[in-house]
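Following: one structure in structure tokens, then a few remarks.
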Amino acid sequence: MPVIEQVRGQSVESVHPWSAVALAHGRVVRQWGEPVTTTWRSAAKPVQLDVSLTVLGDPSVPTPWLALGAASHSGEPVHTAMAAAILAHFHLQPSDLRCGTHPPTYGPSAEAILRANGQFTDLHNNCSGKHSFMVAATQHAGWPMDYRPAEHPLQQRVRQRVVELCQAEPLLSVDGCGVPTFDLPLAAIARAWSEIAAGMATGATRLGRIGQAMAEFPELTSGTDRLDLAVMHRARLPLAVKVGAGGVFCIALPDCQVGVAIKIHSGTAEALPVAIDAVLTALWPAGWPEVADWPPLEVRNVVGRLVGGWQARAV
């Protein structure tokens, strides 16, 4: 079982087992660790957006909007302005969102709002892009405007799409933003992301266009100083990536049409960079350059001093 250690000085502070699956054309091409089942969380957003666009009749929208629709964004001004623009395009208001309010995850954005005596809104929620398309699809179809319950027609269509792509029946629970999330084998999640990769390679599918938007505008899908963005910046070839809460990370590699799903068993997202580096180094040398150091592997204290790091070990 591969594990990831957090080291501080000469001491091992924590140990995190992990698993990953790489799949192409319905076949597992590489596996790390033990088979596990996990909630998919935010790494399912491309599939959820795919369904909203289907219900909307494939509207002609700017490509950056697709990147935000699949985002766990940081609540920076570019993100909130774009979510508001999506809502306005469909004749909706921020008050129509039901994702809940939290401060921007990008600290300077939150601080700027507080200094200006402003208020946090649903637009600052990291899921507001996805929810903007969900509420637009709901209004377009004439369904009840609270689109969150699992029995809602929109969420039923999302579940059906998940079954189709993953070839597995998910166990449903509730995500942080209030809509259903899906508990699935890691290989089933990788299967869906391989469909994103294949679609990106041809440009012929809705999922492929979403993946291409994520690859082209990673700063909208993620945000300043975020892991998704760091992975995209390091890669030499196009790819789409998406973090999910609970130590989940998914990758679409269009040049080889491979989908990857990674899970840190402890749910510790800080361990993900080691697993990502190990997987892409082994699987994708053409697109993943060797580097002497990579900031996401560092542990620094509050004054910026390097005090430790994250490292892989096999046990």
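The values are calculated or read from the model by the stated rules, or taken from the named source; none is laboratory data. It should be emphasised that the depicted structure is a prediction, and the values quoted were computed from it without experimental measurement. Positions of Cβ are generated from backbone atoms using ideal geometry, with glycine treated the same way; all protein chains shown enter the neighbour counts.
List of remarks:
The rows are residues; the columns are (1) closer than 18 Å to Val7 by Cβ; (2) of a type in the set (Gly, Ala, Ser).
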position: Cys250; (1), (2): no, no
position: Pro254; (1), (2): no, no
position: Gly259; (1), (2): no, yes
position: Ile262; (1), (2): no, no
position: Leu280; (1), (2): no, no
position: Pro289; (1), (2): no, no
position: Glu298; (1), (2): yes, no
position: Asn301; (1), (2): yes, no
position: Leu306; (1), (2): yes, no
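- Among the residues making up segment 236-263, those that are among the hydrophobic types (A, V, I, L, M, F, W, C), in contact (Cβ under 8 Å) with a residue 60 or more places away in the chain and buried (at least 24 other Cβ atoms within 10 Å of the Cβ) are Ala240, Val248, Phe249, Cys250, Val260, Ala261, Ile262.
- Yes/no for His91 being in a loop (DSSP other than H, G, I, E, B), at pLDDT 95 or above and farther than 23 Å from Gln212 by Cβ: yes
- Which numbered condition Arg159 misses (of (1) in contact with a Cys (Cβ under 8 Å, 6 or more places away or on another chain); (2) basic (Lys, Arg); (3) without any contact (Cβ under 8 Å) to a residue 60 or more places away in the chain): (1)
- Just so you know, in segment 219-245 the residues that are among the small types (Gly, Ala, Ser) and either modelled with pLDDT of 95 or more or more than 24 Å from Ser109 (Cβ to Cβ) (or both) include one that is nearest to the chain's Cα centre (by Cα), and it is Gly244.
- Gly57 surrounded by fewer than 18 Cβ atoms within 10 Å (Cβ to Cβ) and closer than 29 Å to Asn125 by Cα: yes
- Leading residue by the ranking (surrounded by the most Cβ atoms within 10 Å (Cβ to Cβ)) among those in segment 287-301 that are under 23 Å from the mean Cα position of the chain (by Cα) and over 15 Å from Val274 (Cβ atoms): Gly287
- Among the residues of segment 89-111, the ones that are hydrophobic (A, V, I, L, M, F, W, C) and without any contact (Cβ under 8 Å) to a residue 40 or more places away in the chain come to 2 in all.
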